[in-house]
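K.L.:
Below is the structure I would like to discuss, written out as structure tokens.
Just so it is clear, none of the values below were taken in a lab; they were calculated from the coordinates. This is a predicted model, so every value here is computed, not measured. Positions of Cβ are backbone-derived with ideal geometry, glycine not excepted, and every protein chain shown enters the neighbour counts.
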Amino acid sequence: MEKRIEQIEKKLKLQRAYTLITSCALGLFLLLSFTGKNNDVIRAKGIVIVDDQGRERILIGAPIPEAKNRVRTNLERVQEIWGKKMSKEYMGWYKNYNHSANGMVILDENGFDRVAIGDTPDPNIGKRTGPGTGVIINDELGFERTGYQLLNVKGKNRMVLGLDRPGGTEGVTVAILEDGTAGVTVINKGTMGFMGSAPQNGLMTGLDNSFFGLMFRDKSTVKYNINSEGKQTAQISTN
């Protein structure tokens with residue numbers, strides 16, 4: 001009798017396990033049936049990925065979600081880190097910068113923006129010439145060091161690949177401007193060297209004739225100009 005009771009109990013346990021497995025399988029089937037063809041699409045307004053310390057590290061969205069750890073949107077940290085190194089007007093200007101993005105922003109462990117992909121925010125030292133879409137890479141203090149972007153400048157497109165100096169100021173750019181200018185520009189404080197082509201009265205050259213060659217400028221003064229187009233092939237100024 002005891003053996004029969006044990007056998008019955010084993011059968012009941014097996015039946016319960018079978019029923020549980022069957023119910024789970026049926027529930028999963030029904031769930032997949034209701035989701036249909038869209039079961040491989042995730043819809044969300046924003047995604048925040050944190051590291052093993054709970055710090056916000058990757059922000060994804062349109063616009064990106066807010067993050068407590070992000071320096072760019074914490075005015076107290078901005079004043080402490082960047083404001084002391086800038087002019088007195090900096091914090092007033094900073095409030096008008098675009099700090100948001102449609103796409104993805106990667107933060108480091110200290111909350112500095114390191115990479116931005118998509119419709120990108122302004123640099124931390126000033127507004128862009130126009131809204132930009134592309135890729136931006138910043139250094140460990142949040143200053144922009146390189147970027148590849150399509151800029152919208154007063155409704156016209158400008159394509160720029162930039163390499164910036166420490167502190168985020170321009171160093172070298174490869175660009176095609178909205179007026180047709182195309183070339184490489186090297187900038188050092190108030191001086192500029194340009195090699196490329198430009199139309200008459202081009203944004204980069206400002207010459208009365210079209211340009212294809214090499215030019216060095218000191219602020220608004222042309223110091224050296226070799227132009228294969230126009231009446232003169234060389235124009236040298238030592239002033």
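K.L.:
Work out the FRET efficiency for Lys84 and Thr191 from their Cβ-Cβ distance, taking R0 = 25 Å, and round it to the nearest 0.05.
P.N.:
0.30
K.L.:
Same structure, new question: Can you give the local net charge around Thr120? Use residues other than it whose beta-carbon is closer than 11 angstrom to its beta-carbon, Lys and Arg +1, Asp and Glu -1. Don't skip to the end; give the middle numbers.
P.N.:
Working: positive: Arg128; negative: Asp113, Asp119, Asp122, Glu144.
Local net charge: -3.
K.L.:
Moving on. Mind listing the long-range amide H neighbours of Thr146? Cut-off is under 5 Å, sequence gap 5 or more, other chains count too, H placed in the peptide plane at 1.01 Å from N.
P.N.:
Ile137, Asp164
K.L.:
Next up: 7 Å from Cα along Cα→Cβ at both Ile42 and Leu214: what's the point-to-point distance in nm?
P.N.:
If labels sit at Ile42 and Leu214, their model points lie 5.3 nm apart.
K.L.:
Follow-up question, since we're still on this one. Label points 7 Å out from Cα along the Cβ direction at Ala62 and Val174: separation in nm?
P.N.:
For the pair Ala62/Val174, the computed spacing is 3.0 nm.
K.L.:
Okay, next question. Just grab the label-to-label distance for Asn201 and Asn74, each label 7 Å out from Cα along the Cβ direction, in nm (one decimal).
P.N.:
Placing both labels 7 Å along Cα→Cβ, they lie 5.0 nm apart.
K.L.:
With 10 angstrom as the radius, rank Trp93, Trp82 by how many other C-beta atoms surround their C-beta, starting from the fewest. Write out the running numbers ahead of the final one.
P.N.:
Numbers: Trp93 13, Trp82 19.
Listed from fewest to most nearby Cβ atoms, that is Trp93, Trp82.
K.L.:
How many angstrom separate the Cα center of the range 91-118 from the Cα center of the range 140-201?
P.N.:
Using only Cα atoms, the two centres lie 20 Å from each other.
K.L.:
Sticking with this structure for a sec: What full-extension length gain, to one decimal in nm, is calculated for Lys154 and Val50 as 0.36 nm per residue of separation minus the Cα-Cα distance?
P.N.:
33.6 nm
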